[in-house]
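The values are calculated or read from the model by the stated rules, or taken from the named source; none is laboratory data. What you see is a predicted model, and the numbers here were worked out from it, not measured in a lab. Here the Cβ is made from the backbone with ideal geometry for all residues, glycine too, and neighbour counts use every protein chain on show. When the accessible area is computed, the model is the full protein with side chains, heavy atoms only, and any ligands, DNA or RNA have been set aside. Shrake-Rupley method; radii C 1.70, N 1.55, O 1.52, S 1.80 Å.
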Amino acid sequence: MTEIMLVASGDLRESANTKCWPTQKAMEDKLAAVVAEMGHTLKRAHPVKPEGHGFIATQREGMDVFRTIEPHAPIIVAEAVWQYSHHVLPGLSSHKGPILTVANWSGQWPGLVGLLNLNGSLTKAGIAYSSLWSESFEDDFFRSGLKSWLESGTIAHDESHVRPFDATAVPAELAGLADDIAADMAGNKVIMGVFDEGCMGMYNAIIPDEMLMPIGVFKERLSQSALYHATKQVPEEEARAAYQWMLDKGMTFHFGSDPKEELTEDQVIDQCRMYIAAVRLADFFGCEAIGIQYQQGLKDLLPASDLVEGMLNNDDRPPVARADGSIIREGQAIVHFNEVDECAGLDAVLTNRLHRALGQPVETTLHDLRWGDADKSGSRDDFVWVFEISGAVPPAHHEGGWAGSESYRQPSMFFPFGGGTLKGYARPGEIVWSRIFVKDGALHMDIGRGQAVKLPAEECERRSRATDYPWPIMNAVLTGVSRDQMMARHKANHIQVVYALSAEDADKAMMAKAALAAKMGMTVSLCGV
Ligand SMILES: C[C@H](O)[C@@H](O)[C@@H](O)C(=O)CO
């Protein structure tokens, strides 16, 4: 019988840790029971704390926990919640025993998202690990995987859907376009504005400068303090004009009177101030794209930036003037990468340039790979993902655009000062999905195809209620990739999505993006296509 150590990384926000603890506890109990059935014991490497949860809540705490773990012991990192990878990365980086990351297949909290972030971070750090996920912890996929790990310390997942991209297969016209964009970026250079690098321990989301320089991309390291100051300088009437612009477009805001739990107009006005400040800062520093870290630091000063990010990502957005009255990038999105995920930011820059040149919709966003399920209404019989993110989704992705978009208060356990979201359901259409990630000290891109699908209203509501109701959803079907293949292969919590006008256009756009990434030296893999 072997003793396996259980580690649980959590949020930095105690409000989230205490609220999510019962779900984590239930998952740990199930996991322990299965491990026991297989003749082993699962032992927590750190206690449940008097605060009422058993999560590691800081990096230092994680380091101290790992000092007490025998270096060759098998470790399971179990996640039912959103977690900060840097809490456990230092300990895992020097650990000598086998590592297994596990999450419960549930939409309730972003546990699968936390798992994927950790997997991406371990991949970037070159730390060997295995990974599993399960709804009941009784299914064959989970049990055979766990058995394999317990016996050999590894699990072989099916990655037969992945093949190397062959640049010679790209039509000359698309290859030429990719060459032109790569040459323009390398020659003229591009700035990505980064408002406080590193969000919520997402080590995988940081691209070392040295990997960006050869492709002509440079970071402008901006501070959220500068954004806070600039936000405070925007006069109320300017913010009100941006708010009125959204109202005129038909957007719905769900207001209440208690700012602690409900959205108020004041919160939205502050978000409009932030939007104007962000546009001006992007203009002043010449940033082609910007990313606001926002979850830590800014959340204690201002409403969340989610609505702001979605506004920025839309070509059709409220106008913002310079001091001389000229409009900044009129009619053009200012690419925003949520949670300052630089891999997503780089992808979004390439996507925006490419789709504009191809005459395709340019609006792009990341989503969390939050969860997925069968369509319980029975309208389809394939597996439908719930791509869902707290912010940054452009209204152009929603059925009905601005008029199909709604704003709810951000959950108070994450955002004490609230702020409205930009909720909607993604309109049906052909999509290209992709993810840039760092592995073996180099940039990689996984890319594939799929559709955003329309589900009956009650099924949309069920999915939304099963996750975070205020956040936007894309119900997505991925071409040629099963649920477990996607989970096994994907090296990030985020996935980048963009629409094309038709299936043929999307195929072309995918090939052109793959060619562009390959031209820039990335190792590109086609997934499911
Ligand atoms: C509010 C939460 O921290 C979310 O931001 C989290 O679930 C993520 O979106 C992680 O990508």
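Filtering the range 206-255 to residues that are farther than 30 Å from H398 by Cβ and in contact with a Leu (Cβ under 6 Å, 6 or more places away or on another chain) leaves only M211. Mind listing whichever residues of the range 366-390 are out of contact with any Asp or Glu (no Cβ under 8 Å at 6 or more places or on another chain) and open to solvent by less than 10 Å² (accessible area, probe 1.4 Å)? Residues satisfying the conditions are L369, G372, W385.
Among the residues that make up the range 310-319, is at least one of them within 23 Å of A226 (Cβ to Cβ) and within 16 Å of the ligand (Cβ to nearest atom)? Let's see the steps before the verdict.
Of the range 310-319, the ones within 23 Å of A226 (Cβ to Cβ) are 310-313, 317-319.
If we keep only those that are within 16 Å of the ligand (Cβ to nearest atom) as well, we get 310, 313.
Among the residues of the range 310-319, at least one is within 23 Å of A226 (Cβ to Cβ) and within 16 Å of the ligand (Cβ to nearest atom), which makes the answer yes.
Just wondering, is there one or more residues in the range 432-448 that are open to solvent by less than 30 Å² (accessible area, probe 1.4 Å) and over 23 Å from G120 (Cα atoms)? Among the residues of the range 432-448, not one is open to solvent by less than 30 Å² (accessible area, probe 1.4 Å) and over 23 Å from G120 (Cα atoms), which makes the answer no. Summed over the range 97-111, residues that are more than 10 Å from the ligand (Cβ to nearest atom), open to solvent by less than 10 Å² (accessible area, probe 1.4 Å) and closer than 18 Å to F414 by Cα total 1.
Considering only residues that are in contact (Cβ under 8 Å) with a residue 60 or more places away in the chain and either open to solvent by 60 Å² or more (accessible area, probe 1.4 Å) or within 19 Å of M487 (Cα to Cα) (or both), which ones fall in the range 154-166? Full working, then the answer.
At the first step, the residues of the range 154-166 found to be in contact (Cβ under 8 Å) with a residue 60 or more places away in the chain are 157-165.
Result: H157, D158, E159, S160, H161, V162, R163, P164.
When residues in the range 268-294 are screened for being within 16 Å of the ligand (Cβ to nearest atom) and open to solvent by 10 Å² or more (accessible area, probe 1.4 Å), 1 of them pass.
Filtering the range 187-202 to residues that are under 15 Å from F285 (Cβ atoms) and not in a loop (DSSP other than H, G, I, E, B) leaves V190, I191, M192, G193, V194, F195. Taking the range 57-87 as the region of interest, how many residues are within 16 Å of the ligand (Cβ to nearest atom) and either open to solvent by less than 10 Å² (accessible area, probe 1.4 Å) or of a type in the set (G, A, S) (or both)? Number of matching residues: 8. Would you confirm whether any residue within the range 419-428 is within 16 Å of the ligand (Cβ to nearest atom) and of a type in the set (A, V, I, L, M)? Yes, the conditions are met somewhere in the range 419-428. A count restricted to the range 313-332 and to residues that are open to solvent by less than 10 Å² (accessible area, probe 1.4 Å) and touching a residue at least 60 places away in the same chain (Cβ under 8 Å) stands at 4.
When you scan the range 418-425, do you find a residue that is over 30 Å from D300 (Cβ atoms) and open to solvent by 20 Å² or more (accessible area, probe 1.4 Å), even just one?
Step one: filter the range 418-425 for residues over 30 Å from D300 (Cβ atoms), giving 425.
Retained after the next criterion (residues that are open to solvent by 20 Å² or more (accessible area, probe 1.4 Å)): 425.
Yes: one or more hits.
Restricting to the range 469-486, what's the tally of residues that are in contact with a strand residue (DSSP E or B) (Cβ under 7 Å, 6 or more places away or on another chain), within 16 Å of the ligand (Cβ to nearest atom) and open to solvent by 10 Å² or more (accessible area, probe 1.4 Å)? Total satisfying the criteria: 2.
Anything in the range 369-392 that is of a type outside the set (K, R) and within 12 Å of the ligand (Cβ to nearest atom)? List them, or say none. Full working, then the answer.
If we filter the range 369-392 for residues that are of a type outside the set (K, R), which is where we start, we get 369, 371-375, 377-379, 381-392.
Listed by number, the residues that qualify are L369, W371, F387, E388, I389, S390, G391, A392.
Only residues that are part of a strand (DSSP E or B) and under 16 Å from A476 (Cβ atoms) were counted in the range 385-427, giving 7.
Going by what's in this entry, would V340 be described as touching a residue at least 60 places away in the same chain (Cβ under 8 Å), away from the ligand (no atom under 16 Å from the Cβ) and buried (at least 22 other Cβ atoms within 10 Å of the Cβ)? For V340, the condition - touching a residue at least 60 places away in the same chain (Cβ under 8 Å), away from the ligand (no atom under 16 Å from the Cβ) and buried (at least 22 other Cβ atoms within 10 Å of the Cβ) - is not met.
Please work out if Y129 is within 16 Å of the ligand (Cβ to nearest atom), closer than 30 Å to E3 by Cβ and at pLDDT 95 or above.
Numbers: within 16 Å of the ligand (Cβ to nearest atom): no; closer than 30 Å to E3 by Cβ: yes; at pLDDT 95 or above: yes.
No.
In the condition set (1) at pLDDT 95 or above; (2) within 16 Å of the ligand (Cβ to nearest atom), F414 is compliant with all but (1). Quick check on my filter: what residues within the range 419-435 are under 18 Å from V362 (Cβ atoms) and charged (D, E, K, R)? The answer is R427, E430. Here is a check on your reading of the model: is A178 more than 30 Å from Q24 (Cα to Cα), in contact with a Lys or Arg (Cβ under 6 Å, 6 or more places away or on another chain) and open to solvent by less than 50 Å² (accessible area, probe 1.4 Å)? It is true that A178 is more than 30 Å from Q24 (Cα to Cα), in contact with a Lys or Arg (Cβ under 6 Å, 6 or more places away or on another chain) and open to solvent by less than 50 Å² (accessible area, probe 1.4 Å).
Name the pairs whose Cβ atoms lie under 8 Å apart, with the first residue in the range 283-298 and polar (S, T, N, Q), the second open to solvent by 40 Å² or more (accessible area, probe 1.4 Å) and assigned to a loop (DSSP other than H, G, I, E, B), and 6 or more positions between them or separate chains? Qualifying pairs under 8 Å: Q293/D196; Q293/E197; Q296/L12.
Just one of L366, L358 is away from the ligand (no atom under 12 Å from the Cβ) and either touching a residue at least 40 places away in the same chain (Cβ under 8 Å) or touching a Lys or Arg at 6+ places or on another chain (Cβ under 8 Å) (or both); which is it? Even if it seems obvious, please write down each step before you answer.
Numbers: L366 fails: away from the ligand (no atom under 12 Å from the Cβ).
So the residue among L366, L358 that is away from the ligand (no atom under 12 Å from the Cβ) and either touching a residue at least 40 places away in the same chain (Cβ under 8 Å) or touching a Lys or Arg at 6+ places or on another chain (Cβ under 8 Å) (or both) is L358.
Only residues that are hydrophobic (A, V, I, L, M, F, W, C) and open to solvent by 40 Å² or more (accessible area, probe 1.4 Å) were counted across the range 119-149, and they come to 3.
Taken over the range 188-206, the criterion of being touching a strand residue (DSSP E or B) at 6+ places or on another chain (Cβ under 6 Å) and among the polar types (S, T, N, Q) is satisfied by no residue. Only one entry in V234, V194, V217 is in contact (Cβ under 8 Å) with a residue 40 or more places away in the chain and closer than 24 Å to A509 by Cβ, namely V217. For the range 391-405, the tally of residues that are crowded, with 17+ Cβ neighbours inside 10 Å and either under 24 Å from E458 (Cβ atoms) or modelled with pLDDT of 95 or more (or both) stands at 10.
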